[in-house]
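This report concerns only the one structure given below.
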Amino acid sequence: MGSSESSERNNGNNNSATSTDEERKDKVKEMAKVAGAAAVAYGVCSILASISNNNEEEEEEDGRMMKAPGQNGEYIKRKDFERNPGEYFRKNRRKVKTINPAL
């Protein structure tokens, strides 16, 4: 290497060092943006999955059906009946009396 090559190289390094630093900063900014977007997407997916699981559990509990006692094959929600069976039968007797007052 001659002296002129060495001085050109040093001059070039200053310019390329500056551009390299800028390129690195740009790459870091890009990576930070991508990482941020990925974190937000992960958070949103986690929240949606959690909501979905909760809804499925509620539907399973609420969705269980049973034949309604004294109602010719009608179905009712088991949860409602088990919560207060006495109330169910009181309402059922009221319905029968309004349909057929002779009873």
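The values are calculated or read from the model by the stated rules, or taken from the named source; none is laboratory data. Quick caveat, the model's predicted, so the values are computed rather than measured. No Cβ is skipped: glycine too gets one built from the backbone with ideal geometry, and neighbour counts run over all protein chains shown. Accessible surface is based on the protein model in full, side chains and every heavy atom, while ligands, DNA and RNA are left aside. Shrake-Rupley method; radii C 1.70, N 1.55, O 1.52, S 1.80 Å.
What the table shows:
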quantity	calculated
Cα-projected label distance for ASP21 with MET66, points at 7 Å along beta-carbon direction, nm	7.7
Residue-span extension gain [ILE51 to PHE81] - 0.36 nm each, minus C-alpha spacing	8.1 nm
Burial ranking of peptide ranges 84-93, 38-47 (average Cβ count within 10 Å, highest at the top)	84-93, 38-47
For segment 40-47, 3J(HN,Hα) per residue [Karplus equation, 6.51 cos²θ - 1.76 cosθ + 1.60, θ = phi - 60°, Hz, x = Gly/Pro]	5, 4, 4, x, 4, 4, 4, 5
Per-residue SASA entry for MET31, accessible area with 1.4 Å probe, Å² rounded to 10	130
